[in-house]
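Working notes, beginning with the structure itself.
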Amino acid sequence: MSSLKPELRIKSQEWIQEDIESLPTLELQQVAIDFITKLARGEVRGTRLETKNHVGDLSDCHKLYFDLTPSDGPRYRIIFRYLPIPDKPEILELIAIGKREDLFVYYEAIKRLGR
């Protein structure tokens, strides 16, 4: 008998829906939603971020790359945190979703976290 991990509760602000809707295509919006679902189910984890002098401190956050075609390289990111702690998360807090170009999504995450 296998034990199933409980699905994480998703916490987000109203701007996350706006972030998703601002993605350029409906197909890309669906890819973002699918990855959020996979994160909440624990099917994917993302990569932990660090403090960068040119961006700021996002060391308590993770990122997940996504795009429609991997051959182009993933142009978009989901920035999120596991709460209360990454090793025993109960909540998936969505911070920002958007393009990586010009570090846009990282600066947006810093701003939204008040850092």
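The values are calculated or read from the model by the stated rules, or taken from the named source; none is laboratory data. Since this is a predicted model, take the numbers as computed values, not measurements. In this analysis, Cβ positions are derived from the backbone assuming ideal geometry, glycine residues included, and neighbour counts consider all displayed protein chains.
List of remarks:
- Looking only at the stretch 44-69, residues that are over 18 Å from Val105 (Cβ atoms) and at pLDDT 95 or above come to 0 in all.
- Output for the stretch 87-115, where each listed residue is over 11 Å from the mean Cα position of the chain (by Cα) and under 17 Å from Ser12 (Cα atoms): Pro89, Glu90, Ile91, Glu108, Ile110, Lys111, Arg112, Leu113, Gly114
- If the condition is being of a type in the set (A, V, I, L, M, F, W, C), within 15 Å of Leu92 (Cα to Cα) and either surrounded by fewer than 16 Cβ atoms within 10 Å (Cβ to Cβ) or out of contact with any strand residue (DSSP E or B) (no Cβ under 6 Å at 6 or more places or on another chain) (or both), then the stretch 1-31 contributes only Ile10.
- Cβ-Cβ contacts under 8 Å between residues 6 or more apart (or on different chains), taken from a first residue in the stretch 21-45 that is without any contact (Cβ under 8 Å) to a residue 12 or more places away in the chain and hydrophobic (A, V, I, L, M, F, W, C) to a second residue that is assigned to a loop (DSSP other than H, G, I, E, B) and surrounded by 14 or more Cβ atoms within 10 Å (Cβ to Cβ), are absent.
- Restricting the stretch 52-99 to residues that are free of Cβ contacts under 8 Å to residues at least 40 places away in the same chain and of a type in the set (Asp, Glu), the residue that is surrounded by the fewest Cβ atoms within 10 Å (Cβ to Cβ): Asp87
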